[in-house]
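Novice: Supplied in structure tokens, the structure appears directly below.
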Amino acid sequence: MSIPSNITREHLLKAIDKIDSEGLPPMGDSQYYDVAHNNKRYPPKMIVSYSNLFANGTELDRNKFTGGLNTPAFKLLEKEGFEIVEKEKYNLEQTVRDSFYPELKKFLEQAKTDNLKTKHFTDSYQGLKVKVSFGQGNQAQIPWISFLKKPHTTSKGIYPAYLYYKNIEILFLSYGISETKSPLAKWNLQHPQTINEYFEEKNIEKLKRYGNSFVYQVYDVKNLPTPEKLDSDLAEIIRQYKTTISTTNVPAENAEKQEELAFESSHAKKILSKNIKQEPMRLDSFRKALYEAGLIYSDKLVTRFVSSLLTKPFVILTGLSGSGKTKLAQAFTQWICQTSKQYCIVPVGADWTNREPLLGYPNALKPDEYVKPDNGVLDLIIKANKEPELPFFIILDEMNLSHVERYFADFLSVMESKGEIPLFAEGTVNNGVPANLRLPSNLFIIGTVNIDETTNMFSPKVLDRANTIEFRVTKEEITNFLNSNKDIDMAALTSRGASMAVNFLARSANNRFKDQNLSEINKTLIDFFEQLKKTGAEFGYRSATEILRLINQLTVLDQTLSDNDKLDIAIMQKLLPKLHGSRRKLVPVLLTLGKFCVTDQIKNIEKEIYQQDGYNFEDPATVKFPLSLEKIARMHKGAIDNGFASFAEA
């Protein structure tokens, strides 16, 4: 593929801004060279790929052009004045680009010294300008960090800000408001609390500065939360900030008029009308709501479900009919959504042979009309594109009642390409339907699956793009259900978690992997890869990346999980679902995979586990990965008894 000749430096700079704002996609980093720009590093091919989006409307496929010295891509960058350096010669910490915690830690440490210099701090984060101050000439009582989007400034605007009250060792993450001049806009908050009001409530003596800014989070500097929590809070307030200022498009010089129009615009009114004070995502809140609604699920299953949605917005729920698959999906959407207009439950028909039941079709008799499906899926996707600050959900009930690849192929394609689904020729329809439909990042798709003689199997293409969660009912769970004698009240869930929706979206957009030792995890994944390859079910780069993302989301969401717990979940959801075949093909592989799941105390897995009825898979002395081992044992039994086995079972 040749590099288009109309790409300019301006397009390349816009590509860098896009990376700063959105981060890198999976597998987007470079191996050997970086572009050095403004004290940060960027992957050269990613810049060239994105630059074509601004020059010609589409991203360049990075698999179809090469990078490296003397290639057209590198020559373009060098011609436009960019410096290309070898990675080992440009040793900038990866965390500077992905996490703000190192900067915050450095800020708090320097605030205790006489050093007022700030040039060594990063100047941008998530597409916002970063400004740090320890005082001008003299030490400030309240050092601060602000995050700014033009035309807002610290003297004239609104902005997220860290405010460090040194004398009481309190750090505020605040909805900052300029003090020198009237701000250009107002924060869209419901029942906000100012810093002065916080001090009054806590009987703390007020300080003279920044008391009119609003409180978002308060941290004890002597006992800070985890870096993941700090980054999550910052990502959430930045998301709110971008939503707020996106409604104020009047030139900065007319500040008073801009402030007035921000609240008169229809979009601003729409956001204000449904604004709910936001808070961090808490699983215990959802679990409590489930219990009060009469729904009984294990804590681990709930953790797996929410973490899977955060990892990738396509989740498949399979397993025993009547085990609560659809109810869990419905419960979560009702819990986190502000209104029922944010989700739809669609029963899949056995006669679905193309995309029309989901996306509609152009009316052949009336060329200027597009026929929408009655189930509301198309309207929901259009609405999700217009309201990126809210999550939207499509629940496809009994997804495999028809061949998934026939009606869902367009969705599967754009999930990876991030492109658009063409609906009709541009300019031929005029009834509110776009010619090309984008699946936005705030749209989540959940499919429920039953396995019987009326349903169809999934292809590896589908399974590879989803997190697959199997539902089983244990004796203890059915006993608890029978003894509970409690009616299900789905209405009790409605909007209970709507205050966590912004944080949920912020976490789902987090592509940063936790800084941890992955050597054992990598070794286990390679062991599984080698065995799965023998059956043609090995995984590729996409699955490997998504496994690491899932482990990261599990780490942030539930810190009680061990590394083995997280790896067990990842194996169960991303590696085993594609496994299927005859007894001759599967049994040797299942024996080897089972050995990876146990400790050295097990010498003969077939005799000691597979052939034993009622084996305790939760025994930590013998089992490392209980979920995966129990599934592998069931598949082994199915292969022996029936001559064939697959992950999906009735």
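The values are calculated or read from the model by the stated rules, or taken from the named source; none is laboratory data. Remember, it's a predicted structure, so these values are computed and weren't measured experimentally. Please note: Cβ atoms are built from the backbone with ideal geometry, for glycine as well, and neighbour counts cover all protein chains shown.
Novice: Here's a check for you: in the stretch 122-133, which residue that is under 27 Å from ASN223 (Cβ atoms) and modelled with pLDDT under 90 is surrounded by the fewest Cβ atoms within 10 Å (Cβ to Cβ)?
Specialist: THR122
Novice: Can you pull out every residue in the stretch 382-410 that is under 17 Å from ASN354 (Cβ atoms) and in contact (Cβ under 8 Å) with a residue 60 or more places away in the chain?
Specialist: MET399
Novice: Run down ASN467, ASN456 and say which single residue is closer than 27 Å to ARG304 by Cβ and either in contact with a His (Cβ under 9 Å, 6 or more places away or on another chain) or not assigned by TED's automatic domain parsing to the domain that holds LEU359 (or both).
Specialist: Values: ASN467 fails: either in contact with a His (Cβ under 9 Å, 6 or more places away or on another chain) or not assigned by TED's automatic domain parsing to the domain that holds LEU359 (or both).
Step by step, each of ASN467, ASN456 is checked, and only ASN456 is closer than 27 Å to ARG304 by Cβ and either in contact with a His (Cβ under 9 Å, 6 or more places away or on another chain) or not assigned by TED's automatic domain parsing to the domain that holds LEU359 (or both).
Novice: Take the residues in the stretch 134-178 that are in contact with a Lys or Arg (Cβ under 6 Å, 6 or more places away or on another chain) and hydrophobic (A, V, I, L, M, F, W, C); name whichever of them is surrounded by the fewest Cβ atoms within 10 Å (Cβ to Cβ).
Specialist: Once the filter is applied, the top-ranked residue is ILE142.
Novice: Something else: Out of the stretch 56-69, which residues are assigned to a loop (DSSP other than H, G, I, E, B) and of a type in the set (S, T, N, Q)?
Specialist: Passing the criteria: THR58, THR66.
Novice: Among the residues of the stretch 339-371, write down those that are crowded, with 17+ Cβ neighbours inside 10 Å and of a type in the set (Lys, Arg).
Specialist: ARG355
Novice: For the stretch 620-649, what are the residues that are buried (at least 17 other Cβ atoms within 10 Å of the Cβ) and among the aromatic types (Phe, Trp, Tyr)?
Specialist: PHE625, PHE647
Novice: Something else: Examine the stretch 70-81 for a residue that is at pLDDT 90 or above, outside any helix (DSSP H, G or I) and closer than 30 Å to SER417 by Cβ, and state whether such a residue exists.
Specialist: Taking every residue of the stretch 70-81 in turn, at least one turns out to be at pLDDT 90 or above, outside any helix (DSSP H, G or I) and closer than 30 Å to SER417 by Cβ.
Novice: Same structure, new question: So, in the stretch 381-394, exactly how many residues are surrounded by fewer than 19 Cβ atoms within 10 Å (Cβ to Cβ) and outside any loop (DSSP other than H, G, I, E, B)?
Specialist: 4
Novice: May I pose another question? Taking the residues in the stretch 424-439 that are under 32 Å from the mean Cα position of the chain (by Cα) and surrounded by 11 or more Cβ atoms within 10 Å (Cβ to Cβ) as candidates, determine which candidate is nearest to LYS372 (Cα to Cα).
Specialist: Selected residue: VAL433.
Novice: Among the residues of the stretch 174-196, which ones are free of Cβ contacts under 8 Å to residues at least 60 places away in the same chain and either part of a loop (DSSP other than H, G, I, E, B) or under 29 Å from the mean Cα position of the chain (by Cα) (or both)?
Specialist: Of the residues in the stretch 174-196, the ones free of Cβ contacts under 8 Å to residues at least 60 places away in the same chain are 174, 176-180, 187, 193-196.
Within the stretch 174-196, SER174, GLY176, SER178, GLU179, THR180, TRP187, GLN193 meet the criteria.
Novice: Output the residues belonging to the stretch 223-246 that are of a type in the set (Gly, Ala, Ser) and without any contact (Cβ under 8 Å) to a residue 24 or more places away in the chain.
Specialist: If the condition is that a residue be of a type in the set (Gly, Ala, Ser) and without any contact (Cβ under 8 Å) to a residue 24 or more places away in the chain, then SER246 is the only one that fits.
Novice: If you go through the stretch 533-551 one residue at a time, do you hit one that is closer than 23 Å to TYR615 by Cβ, assigned to a helix (DSSP H, G or I) and not assigned by TED's automatic domain parsing to the domain that holds ASP231?
Specialist: No, that holds for no residue.
For every residue, the table says whether it meets (1) small (Gly, Ala, Ser); (2) part of a helix (DSSP H, G or I); (3) outside the structural domain of ALA73 (by TED's automatic domain parsing); (4) closer than 15 Å to ALA73 by Cα.
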{"site": "LYS14", "(1), (2), (3), (4)": "no, yes, no, no"}
{"site": "PRO25", "(1), (2), (3), (4)": "no, no, no, no"}
{"site": "ASP34", "(1), (2), (3), (4)": "no, no, no, yes"}
{"site": "SER49", "(1), (2), (3), (4)": "yes, yes, no, yes"}
{"site": "PHE54", "(1), (2), (3), (4)": "no, yes, no, no"}
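Novice: Now a separate question. Applying the selection to the stretch 38-66, what residues are surrounded by fewer than 16 Cβ atoms within 10 Å (Cβ to Cβ) and closer than 21 Å to THR122 by Cβ?
Specialist: Within the stretch 38-66, ASN38, ASN39 qualify.
Novice: Tell me which residues, restricted to the stretch 395-408, are surrounded by 15 or more Cβ atoms within 10 Å (Cβ to Cβ) and either more than 16 Å from PRO373 (Cα to Cα) or in contact with a Ser or Thr (Cβ under 6 Å, 6 or more places away or on another chain) (or both). Even if it seems obvious, please write down each step before you answer.
Specialist: Taking the stretch 395-408 as the starting set, the residues that turn out to be surrounded by 15 or more Cβ atoms within 10 Å (Cβ to Cβ) are 395-404, 407-408.
ASP397, GLU398, MET399, ASN400, LEU401, SER402, HIS403, VAL404 - these are the residues of the stretch 395-408 that are surrounded by 15 or more Cβ atoms within 10 Å (Cβ to Cβ) and either more than 16 Å from PRO373 (Cα to Cα) or in contact with a Ser or Thr (Cβ under 6 Å, 6 or more places away or on another chain) (or both).
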